[in-house]
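The structure appears right after this line, and notes come after that.
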Amino acid sequence: MDNNKRQSGAYKAKEVYLLSGLIVCGNRDRTKEWNNPEIRREYIESYIISQLQEKTFNEEAIPLLAKQLNDYHNSKQSNVKGERERLAKSLEGIERQITNIVNAIASGTFNIALSSKIWELKQQKLQLGQKLLEAKGVTEKAAITEDTLRQLLF
């Protein structure tokens with residue numbers, strides 16, 4: 001979005017806009033009740049950068065950052081692992097249903113419903129197989145060390 005344009009809408013909540021290097025409340029023009037001064041964008045940017053340097057890009061924060069990044073990565077990996085297990089169980093269930101239908105047909109019970117059901121199950125099996133292959137393709141990554149973070153941040 002261009003920093004010099006405001007969006008309009010009847011049901012929009014209060015928003016902050018960047019206009020010509022100034023931070024302005026979107027409610028200001030509409031209600032005329034805003035008495036706070038505009039703030040130059042450069043002041044806000046310099047404040048944010050100084051806070052990042054003070055709180056994030058320093059030696060004391062490195063162990064905490066490494067732990068949080070590794071925790072986040074591990075939670076993502078456990079989600080992928082759970083998804084793989086769920087897909088594998090679903091695939092087993094579909095294969096079991098297909099086997100039961102084939103056995104029913106082999107024993108002499110045949111009707112159109114069984115034929116269409118087996119076709120539907122085979123389509124589901126193909127889709128689940130593809131999803132399972134994609135989930136298995138997600139590789140585990142090495143843990144992020146404090147030294148790696150130091151190299152990236154400093």
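The values are calculated or read from the model by the stated rules, or taken from the named source; none is laboratory data. Since we're looking at a predicted model, the values are computed, not measured. Neighbour counts are summed over all protein chains in view; Cβ atoms, including those assigned to glycine, are modelled from backbone coordinates with ideal geometry. Surface areas here come from the heavy atoms of the whole protein model, side chains and all, with no ligands, DNA or RNA. Shrake-Rupley method; radii C 1.70, N 1.55, O 1.52, S 1.80 Å.
Summary table below
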quantity: Test set (1) open to solvent by less than 100 Å² (accessible area, probe 1.4 Å); (2) closer than 26 Å to Thr56 by Cα; (3) at pLDDT 85 or above - Leu87 fails condition number; calculated: (2)
quantity: Which numbered condition Thr99 fails, given (1) within 29 Å of Asp71 (Cα to Cα); (2) open to solvent by less than 80 Å² (accessible area, probe 1.4 Å); calculated: (1)
quantity: Given (1) at pLDDT 90 or above; (2) outside any helix (DSSP H, G or I); (3) among the hydroxyl-bearing types (Ser, Thr, Tyr), number of the condition Thr99 does not satisfy; calculated: (2)
quantity: Residue match in region 36-43 (condition: modelled with pLDDT of 65 or more, open to solvent by 90 Å² or more (accessible area, probe 1.4 Å) and either among the small types (Gly, Ala, Ser) or part of a loop (DSSP other than H, G, I, E, B) (or both)); calculated: yes
quantity: Those residues of region 107-127 which are of a type in the set (A, V, I, L, M, F, W, C) and either at pLDDT 85 or above or open to solvent by less than 70 Å² (accessible area, probe 1.4 Å) (or both), in sequence order; calculated: Ala113, Leu114, Ile118, Trp119, Leu121, Leu126
quantity: Sole residue being under 30 Å from Gln124 (Cα atoms) and either at pLDDT below 85 or open to solvent by 90 Å² or more (accessible area, probe 1.4 Å) (or both), chosen from Gln53, Gln7, Gln77; calculated: Gln77
quantity: Within region 128-145, tally of residues that are of a type outside the set (Asp, Glu), surrounded by fewer than 14 Cβ atoms within 10 Å (Cβ to Cβ) and not in a loop (DSSP other than H, G, I, E, B); calculated: 5
